[in-house]
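What follows is one structure encoded as structure tokens, with my remarks underneath.
The values are calculated or read from the model by the stated rules, or taken from the named source; none is laboratory data. The shown structure was predicted, so the numbers you read here are calculated from the model rather than taken from an experiment. Heads up, the Cβs are rebuilt from the backbone with ideal geometry, glycines too, and the neighbour counts pull from every protein chain shown.
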Amino acid sequence: MPEFKPVKGMRDLLADETKRLTFIIDNARKTAKQYCYDEVTTPVVESHELVSAKSGDEIRARMFTFKDLGDRIVALRPEFTASIARLATTVLKKAPRPIRVFSVGSVYRYDEPQRGRHREFWQSNFELMGSDKPEADAELILLTSNFLKRTGLRNYFFKVGHIGIVKGILSQEEIEEKTQNEILQLMDKKEYVKAFDLLTATPRSVLEGLVEIKGNNIFEIIEKIKNQVRIYEKAKAAANNLLKILELATRCGCPIKSIEPAFSRGLEYYTGLIFEVMIPELDISMGGGGRYDRLIGLFGGISTPAVGVAHGLDRINLALKIQDIEVKNQNLKRVLVIPITEDLRIKALTISEKLRNSGLFVEFEVMGRKTGKALEYANKCNMDYVVLVGKSELKTDSVVLKDLAKHKQMTVKIENLAMKIKR
């Protein structure tokens, strides 16, 4: 018999990993509720035309694409934004603005597997559609900060840029969009020499100057950027827009560490703010996003300004492990119910259901083991309590409750059992 393994780049998540991922997803959902984002669920499989429309050459080359039985070219979603833009042009086109939506699930890209990078990975995705104001951009940065704070992640920081700065220069130089996208892709990979070789002397020198702008004071950096692009009106306007966003985010305590006017996030649909969030221990981002004001119009809807962010839940999981942050499910008391003899199975099972209905997490002993072996199992599985259902105790409508952490046991009335465990 062959030994079957997961397909390369795919993973089995066992109980401990799933527990951590569930913890992160739960906090993403709590953040969505806190900021009034409605959760929506979109298909894993979308039309290739939809998801490739403005994904960028690099992501298009890494999509899982195939023909379905109807001979249509489809793809596993490489991210959520295209699907949400489709919703905005169809079922949500008459919804009141702004539209705030949240999604969570797996996405797929044919990347080379490595630390923090898999071919199937999990994202939480937030989109705010209908506002072109800096407040909307700042909200997505603050929301991301709030989410990571909820998980317990420490020392995270934001890297921020504005695609309009570089695009403003290239547009004023009348460089065609295809070449602009090629330049941005190369700059995103920090292949600056190749990127700048596609330019004439003036824009080249300006972009080379942008790459060199560095410093710890983000507002001083903005002034340097504005001075560097002073002959390009759209680029200067983009820098002023970024300044307004940063004022809002930093006043609310958001840890923005660096401004990088020459970075691009590999997706062609960005039109304004772009950002990523990182920790010092990893050289890959925990998530990122930005403004995409033209995407919804591209899909046939009314031109609608929008901004969004996607969080890499697997990477956040990795970051929590690197920082040795323990994930705890608070107040989730686990209980094993053991019938002492076989003829007490029905009574023990009814007690199990009563405890479950009270909100407790209960496992019933289904292996037919003797009490001693069942107790060994409870200790191996880190159960909090064991309930022993025996004939003598049942005569007074009671059971024996064992607290495994404290190594204590007591006789408890069945009607008081759930309350006793919870306390």
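Only a single criterion out of (1) closer than 24 Å to LYS190 by Cα; (2) over 17 Å from the mean Cα position of the chain (by Cα) is not satisfied by ARG294, namely (1).
Residues in the stretch 89-138 that are in a helix (DSSP H, G or I) and either surrounded by fewer than 17 Cβ atoms within 10 Å (Cβ to Cβ) or under 16 Å from the mean Cα position of the chain (by Cα) (or both): GLU135 only.
For the stretch 168-177, the criterion of being of a type in the set (Gly, Ala, Ser) and in contact with a Cys (Cβ under 8 Å, 6 or more places away or on another chain) is met by no residue.
Within the stretch 281-303, being surrounded by fewer than 18 Cβ atoms within 10 Å (Cβ to Cβ) and under 30 Å from ARG154 (Cβ atoms) holds for GLU281, LEU282, ASP283, ILE284.
Contact map, the stretch 122-134: first residue at positive phi, second residue among the hydroxyl-bearing types (Ser, Thr, Tyr), Cβ cut-off under 9 Å, separation 6 or more or different chains; pairs are GLY130/THR304. Looking at the stretch 234-243, is at least one residue within 21 Å of ALA310 (Cβ to Cβ), of a type in the set (A, V, I, L, M, F, W, C) and in contact (Cβ under 8 Å) with a residue 24 or more places away in the chain? For the stretch 234-243, residues within 21 Å of ALA310 (Cβ to Cβ), of a type in the set (A, V, I, L, M, F, W, C) and in contact (Cβ under 8 Å) with a residue 24 or more places away in the chain: present. Starting from the stretch 408-423, keep only residues that are without any contact (Cβ under 8 Å) to a residue 24 or more places away in the chain and assigned by TED's automatic domain parsing to the domain that holds GLY390, then list their pairs with residues that are polar (S, T, N, Q) and part of a strand (DSSP E or B) whose Cβ atoms are within a distance under 8 Å, requiring at least 6 positions of separation or different chains. Once the first residue is without any contact (Cβ under 8 Å) to a residue 24 or more places away in the chain and assigned by TED's automatic domain parsing to the domain that holds GLY390 and sits in the stretch 408-423, its partners that are polar (S, T, N, Q) and part of a strand (DSSP E or B) give THR411/SER398; VAL412/SER398; LYS413/SER398. Where helices (runs of 4 or more DSSP H) sit wholly within the stretch 270-388, none has at least 3 residues that are in contact with a helix residue (DSSP H, G or I) (Cβ under 6 Å, 6 or more places away or on another chain) and aliphatic (A, V, I, L, M).
Consider the stretch 365-403 and keep the residues that are β-branched (Val, Ile, Thr) and free of Cβ contacts under 8 Å to residues at least 24 places away in the same chain. The one that is surrounded by the most Cβ atoms within 10 Å (Cβ to Cβ) is VAL400.
Give the residues of the stretch 330-364 that are among the small types (Gly, Ala, Ser) and surrounded by fewer than 16 Cβ atoms within 10 Å (Cβ to Cβ), sorted by residue number. Hits for the stretch 330-364 are SER358, GLY359. Looking across the stretch 310-322, just one residue is touching an Asp or Glu at 6+ places or on another chain (Cβ under 9 Å) and surrounded by fewer than 18 Cβ atoms within 10 Å (Cβ to Cβ), and that is ILE322. Just checking, how many residues over the stretch 151-163 are at pLDDT below 95 and assigned to a helix (DSSP H, G or I)? Result for the stretch 151-163: 1.
Taken residue by residue, the stretch 150-168 has no member that is over 24 Å from ALA310 (Cα atoms), touching a Lys or Arg at 6+ places or on another chain (Cβ under 9 Å) and among the hydrophobic types (A, V, I, L, M, F, W, C). For the stretch 389-411, what are the residues that are in a loop (DSSP other than H, G, I, E, B) and either among the β-branched types (Val, Ile, Thr) or within 19 Å of GLU342 (Cβ to Cβ) (or both)? Those that are in a loop (DSSP other than H, G, I, E, B) and either among the β-branched types (Val, Ile, Thr) or within 19 Å of GLU342 (Cβ to Cβ) (or both): GLY390, LYS395, THR396. The listed residues are GLY372, GLY312, and the only one of them that is assigned by TED's automatic domain parsing to the domain that holds GLU127, of a type outside the set (A, V, I, L, M, F, W, C) and at pLDDT 95 or above turns out to be GLY312. Remark: LYS159 matches the filter, which requires a residue to be more than 17 Å from ARG60 (Cα to Cα) and either of a type outside the set (Phe, Trp, Tyr) or surrounded by fewer than 23 Cβ atoms within 10 Å (Cβ to Cβ) (or both). Right, ARG294: modelled with pLDDT of 95 or more, among the charged types (D, E, K, R) and on the phi < 0 side of the Ramachandran plot or not? No. Against the test of being surrounded by 21 or more Cβ atoms within 10 Å (Cβ to Cβ), over 24 Å from ASP57 (Cβ atoms) and either without any contact (Cβ under 8 Å) to a residue 12 or more places away in the chain or within 17 Å of the chain's Cα centre (by Cα) (or both), the options VAL327, VAL307, VAL277 yield a single qualifying residue, VAL277. Taking residues in the stretch 102-120 that are more than 29 Å from GLU139 (Cα to Cα) and in the same structural domain as THR31 (by TED's automatic domain parsing), and partners anywhere that are assigned to a loop (DSSP other than H, G, I, E, B) and at pLDDT below 90, the pairs with Cβ atoms closer than 7 Å and at least 6 places apart or on different chains are ARG119/ASP111; ARG119/PRO113.
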